[in-house]
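Q: If you scroll down you'll find the structure; I have some questions about it.
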Amino acid sequence: MIEKIANAPEKAAERALQRCILPSCRASFGLRERIYVCSRCGGPLEIECELPKNANPGDAESLRKQWLARAASSDPRDRSGVWRYRELLPFEASARVVTLFEGNTPLYDAPRCAQYSGLLALRLKHQGCNPTGSFKDTGMTAAVTQAVLLGARTAICASTGNTAASLAAYSARAGLQCAILLPRGQITASKLAQSMDYGAAIFELDGNFDDCMRLIQELGDDPSIYVANSINPFRIEGQKTVAFELMQQCAWQVPDHIVVPGGNMGNSSALGKGFAELLGLGLLDRLPKLSVIQAEGSAPLAHLFAELQSKKSSRIADIPESLEPVAHPHTLATAIKIGAPVSWRKALRAVLESHGQIIAVSEQEIADAKAIIGRDGIGCEPASATTVAGIRKLVAANHIHSEESVVAVLTGHVLKDPDYVSHYHRGTLAESSGAAGDSTPSHLIAGKFRNAPERVAASKSTILDRLHHAK
Ligand code: F0G
């Protein structure tokens with residue numbers, strides 16, 4: 001579905017540019033330049049929009065009212081939880097947007113997760129309720145809209161599965177060719193099935209996600225190709241709107257903490273940008289502390305963060321030139337099995353600016369947290385459960401206090417990885433060593449909250465007996 005934006009400021013694109021985030025460079029580029037890193041120094045790019053507040057402080061309040069009114073509008077363009085916030089997006093009013101009505105995801109109370117984590121209350125923002133079942137859709141609507149504007153022939157991405165499914169769907173909507181590069185044998189069947197169904201050209205490579213990502217950066221030089229990974233700053237623009245929608249759902253009361261999983265670090269970068277823009281607009285009075293949780297076997301940024309903390313370095317100026325990658329990342333949360341995240345610098349900056357934390361959690365902690373989320377009646381994929389596992393650790397370490405308000409962002413739907421769920425509950429979930437090329441299961445993860453099916457005789461009395469004696 002391609003929709004025309006109505007009512008957006010006519011000159012929106014003139015108010016925005018692409019800028020290198022490195023303090024030593026800060027080069028700027030037009031929105032129509034098809035670049036993914038700074039063409040002067042190779043640094044990361046982000047979109048800089050002149051915020052309406054700079055024109056008139058009263059605009060901020062009227063924006064809030066307008067966004068609220070749009071949520072009740074039957075205009076299809078307002079039904080997207082991304083394009084509803086179009087004043088803060090770098091697209092002209094005449095842009096034809098590619099939408100699947102992404103966003104509009106629920107914010108749930110999760111009392112069992114709260115108790116498990118040591119909190120009085122915990123809310124879960126479920127981005128797995130997006131059209132393709134993951135948070136990627138909020139970014140992909142913007143990236144594919146930009147691909148169409150630039151006249152690209154092919155949209156491409158490297159993926160651990162969700163980016164691919166999302167790009168495949170949005171490309172299909174736009175009539176664009178879609179190509180995806182996947183690490184062979186490391187993608188869940190459900191995610192792969194989605195990309196097949198949406199008609200993408202699927203290339204399975206021997207290697208891991210980081211190898212696929214390196215190849216993408218080479219392919220991005222081809223003029224027919226548009227790269228839709230989160231290195232692309234337009235992706236981040238779409239994903240930042242999650243902060244806007246969340247704040248509306250919180251009635252603009254800033255939570256003390258926002259906790260997200262970390263893989264390639266696009267999500268954390270985007271949320272950080274979204275909250276910073278709201279603060280700049282005067283719509284927030286402070287930033288929530290943004291914390292990122294990685295899986296222990298794939299935690300390069302958590303390692304760097306710990307190193308910075310041990311040196312008591314927490315200034316943006318202390319961010320080093322490079323990140324030491326994890327050469328052979330491993331985790332059963334395959335979505336975040338990433339050793340060299342491309343957006344690490346933006347994410348680290350957002351965490352430091354908001355005084356959050358970056359930590360890692362074990363496979364056992366992820367698996368148990370996932371089962372507890374399930375007990376609240378909310379399904380998610382393993383990577384999403386790093387949040388509740390991480391919150392529990394951050395509470396124990398006194399970084400989060402029991403009475404503080406906390407929102408965890410769940411990133412993917414439970415049906416993205418049903419095998420994992422089934423193995424956990426049957427007690428057969430096993431991790432491999434992580435050594436190069438070794439996928440032999442070596443370490444069994446205990447299903448502490450196991451709930452395996454039981455084979456019984458087909459008799460009323462047996463079933464009633466089981467139910468009466470159930471714990
Ligand atoms: N959760 C899920 C379910 C994901 O699919 C991903 C990333 C993340 C968390 C991490 O988010 O990369 O923005 O830090 N999946 C990417 C993919 C890498 O290809 O689908 P991030």
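The values are calculated or read from the model by the stated rules, or taken from the named source; none is laboratory data. Quick caveat: nothing in here was measured; it's all calculated off a predicted structure. Methodologically, a virtual Cβ is constructed for each residue, glycine included, from the backbone with ideal geometry; neighbour enumeration extends over all protein chains shown.
Q: Scanning the range 285-300 for residues that are of a type outside the set (A, V, I, L, M, F, W, C) and away from the ligand (no atom under 16 Å from the Cβ), which turns out modelled with the lowest pLDDT? So that I can check it myself, show each step before the final result.
A: Start the filter on the range 285-300 by keeping residues that are of a type outside the set (A, V, I, L, M, F, W, C), which leaves 285-286, 288-289, 291, 294, 296-298, 300.
This time we only want the ones that are away from the ligand (no atom under 16 Å from the Cβ), so: 285-286, 288-289.
Working: ASP285: 93, ARG286: 97, PRO288: 98, LYS289: 98.
The qualifying residue modelled with the lowest pLDDT is ASP285.
Q: What's the number of the only condition in (1) of a type in the set (Phe, Trp, Tyr); (2) away from the ligand (no atom under 13 Å from the Cβ); (3) under 27 Å from ALA408 (Cβ atoms) that PHE203 fails to meet?
A: (3)
Q: Restricting attention to the range 397-415, does a residue exist that is under 24 Å from ASN104 (Cα atoms), within 16 Å of the ligand (Cβ to nearest atom) and in a loop (DSSP other than H, G, I, E, B)? So that I can check it myself, show each step before the final result.
A: Initial filter on the range 397-415 (under 24 Å from ASN104 (Cα atoms)): 405-415.
Subsequent filtering for residues that are within 16 Å of the ligand (Cβ to nearest atom) retains 407-415.
From what is left, the residues that are in a loop (DSSP other than H, G, I, E, B) are 411, 413.
The answer is yes, given that some residue of the range 397-415 is under 24 Å from ASN104 (Cα atoms), within 16 Å of the ligand (Cβ to nearest atom) and in a loop (DSSP other than H, G, I, E, B).
Q: Does ILE372 fit the bill of being more than 12 Å from the ligand (Cβ to nearest atom) and more than 17 Å from the chain's Cα centre (by Cα)? Break it down stepwise before answering.
A: Values: more than 12 Å from the ligand (Cβ to nearest atom): yes; more than 17 Å from the chain's Cα centre (by Cα): yes.
When the stated conditions are applied, ILE372 passes them.
Q: Out of curiosity, is ILE366 under 20 Å from ASN267 (Cβ atoms), in a helix (DSSP H, G or I) and not charged (D, E, K, R)? Talk me through it step by step, then tell me what you get.
A: Values: under 20 Å from ASN267 (Cβ atoms): yes; in a helix (DSSP H, G or I): yes; not charged (D, E, K, R): yes.
Yes, satisfied.
Q: From the residues in the range 317-336 that are away from the ligand (no atom under 16 Å from the Cβ) and part of a loop (DSSP other than H, G, I, E, B), which one is nearest to SER384 (Cα to Cα)? Steps first, please.
A: From the range 317-336, those away from the ligand (no atom under 16 Å from the Cβ) are 317-322, 324, 327-328; that's our starting set.
Subsequent filtering for residues that are part of a loop (DSSP other than H, G, I, E, B) retains 319-322, 324, 327-328.
On the way: ILE319: 27, PRO320: 28, GLU321: 29, SER322: 27, GLU324: 24, ALA327: 23, HIS328: 21 Å.
So, considering only residues that are away from the ligand (no atom under 16 Å from the Cβ) and part of a loop (DSSP other than H, G, I, E, B), the one nearest to SER384 (Cα to Cα) is HIS328.
Q: Sticking with this one: List the residue pairs whose Cβ atoms are under 8 Å apart, where the first residue sits in the range 18-43 and is under 22 Å from ILE216 (Cβ atoms), the second is surrounded by 18 or more Cβ atoms within 10 Å (Cβ to Cβ) and among the aromatic types (Phe, Trp, Tyr), and the two are 6 or more positions apart or on different chains.
A: Sorted first by the residue in the range 18-43, then by its partner, the pairs are ARG34/TYR226.
Q: Further, regarding this structure: Counting only residues that are of a type in the set (Ser, Thr, Tyr), give me the helices (runs of 4 or more DSSP H) lying completely in the range 159-250 with at least 2 of them. Full working, then the answer.
A: Numbers: elements: 162-174, 189-197, 209-219, 233-249.
Where helices (runs of 4 or more DSSP H) fall fully within the range 159-250 and carry at least 2 residues being of a type in the set (Ser, Thr, Tyr), they are 162-174, 189-197.
Q: To continue, here is another question. Being crowded, with 24+ Cβ neighbours inside 10 Å and either part of a loop (DSSP other than H, G, I, E, B) or among the β-branched types (Val, Ile, Thr) (or both) is the filter here, so list the residues in the range 143-156 that pass it. First the steps, then the outcome.
A: Residues of the range 143-156 that are crowded, with 24+ Cβ neighbours inside 10 Å, as a first pass: 143-147, 155-156.
Those that are crowded, with 24+ Cβ neighbours inside 10 Å and either part of a loop (DSSP other than H, G, I, E, B) or among the β-branched types (Val, Ile, Thr) (or both): VAL144, THR145, ILE156.
Q: Name the pairs whose Cβ atoms lie under 7 Å apart, with the first residue in the range 220-246 and under 14 Å from ASN267 (Cβ atoms) and more than 14 Å from the ligand (Cβ to nearest atom), the second polar (S, T, N, Q) and part of a helix (DSSP H, G or I), and 6 or more positions between them or separate chains?
A: What qualifies is THR241/THR138.
Q: Is it the case that some residue within the range 264-284 is within 26 Å of GLN217 (Cα to Cα), outside any helix (DSSP H, G or I) and either at pLDDT below 95 or within 12 Å of the ligand (Cβ to nearest atom) (or both)?
A: yes
Q: How many residues are within 16 Å of the ligand (Cβ to nearest atom) and either closer than 19 Å to VAL242 by Cα or of a type in the set (Gly, Ala, Ser) (or both) if we restrict to the range 143-159?
A: Of the residues in the range 143-159, the ones within 16 Å of the ligand (Cβ to nearest atom) are 143-144, 155-159.
If we keep only those that are either closer than 19 Å to VAL242 by Cα or of a type in the set (Gly, Ala, Ser) (or both) as well, we get 143-144, 155, 158-159.
Number of matching residues: 5.
Q: Moving on. Can you find a residue that is more than 12 Å from the ligand (Cβ to nearest atom), surrounded by fewer than 21 Cβ atoms within 10 Å (Cβ to Cβ) and under 20 Å from the mean Cα position of the chain (by Cα) anywhere in the range 307-316?
A: Kept after step one, since they are more than 12 Å from the ligand (Cβ to nearest atom), are these residues of the range 307-316: 307-316.
Still in the list and also surrounded by fewer than 21 Cβ atoms within 10 Å (Cβ to Cβ): 307-316.
Narrowing the set further to residues that are under 20 Å from the mean Cα position of the chain (by Cα) leaves none.
No, the range 307-316 has no match at all.
Q: Give me the strands (runs of 3 or more DSSP E) completely within the range 83-142, filtered to those with at least 1 residues that are of a type in the set (Asp, Glu) and more than 16 Å from the ligand (Cβ to nearest atom), ordered by residue number.
A: On the way: elements: 96-98, 107-109, 123-126.
So the answer is 107-109.
Q: Spot the failing condition for ILE258; the list is (1) touching a helix residue (DSSP H, G or I) at 6+ places or on another chain (Cβ under 6 Å); (2) within 14 Å of the ligand (Cβ to nearest atom); (3) of a type in the set (Val, Ile, Thr); (4) closer than 28 Å to TYR108 by Cα, and only one is missed.
A: Only one criterion in (1) touching a helix residue (DSSP H, G or I) at 6+ places or on another chain (Cβ under 6 Å); (2) within 14 Å of the ligand (Cβ to nearest atom); (3) of a type in the set (Val, Ile, Thr); (4) closer than 28 Å to TYR108 by Cα is unmet by ILE258, namely (1).
Q: Can I ask one more? Could you grab me the full set of residues in the range 92-118 that are farther than 20 Å from LEU271 by Cβ and either surrounded by 16 or more Cβ atoms within 10 Å (Cβ to Cβ) or among the acidic types (Asp, Glu) (or both)?
A: Here is the first cut: in the range 92-118, the ones farther than 20 Å from LEU271 by Cβ are 92-101, 109, 111-112, 114-116, 118.
Across the range 92-118, the qualifying residues are GLU92, ALA95, VAL97, VAL98, THR99, LEU100, PHE101, ASP109, ARG112, ALA114, TYR116, GLY118.
Q: Of all residues in the range 337-358 being in contact with a strand residue (DSSP E or B) (Cβ under 6 Å, 6 or more places away or on another chain) and not in a helix (DSSP H, G or I), which is surrounded by the most Cβ atoms within 10 Å (Cβ to Cβ)?
A: ILE358
Q: Only one of SER28, SER62, SER73 is hydroxyl-bearing (Ser, Thr, Tyr) and either modelled with pLDDT under 80 or farther than 21 Å from GLU277 by Cα (or both). Can you tell me which? Break it down into steps so the answer makes sense when it comes.
A: On the way: SER28 fails: either modelled with pLDDT under 80 or farther than 21 Å from GLU277 by Cα (or both); SER62 fails: either modelled with pLDDT under 80 or farther than 21 Å from GLU277 by Cα (or both).
On inspection, the qualifying residue turns out to be SER73.
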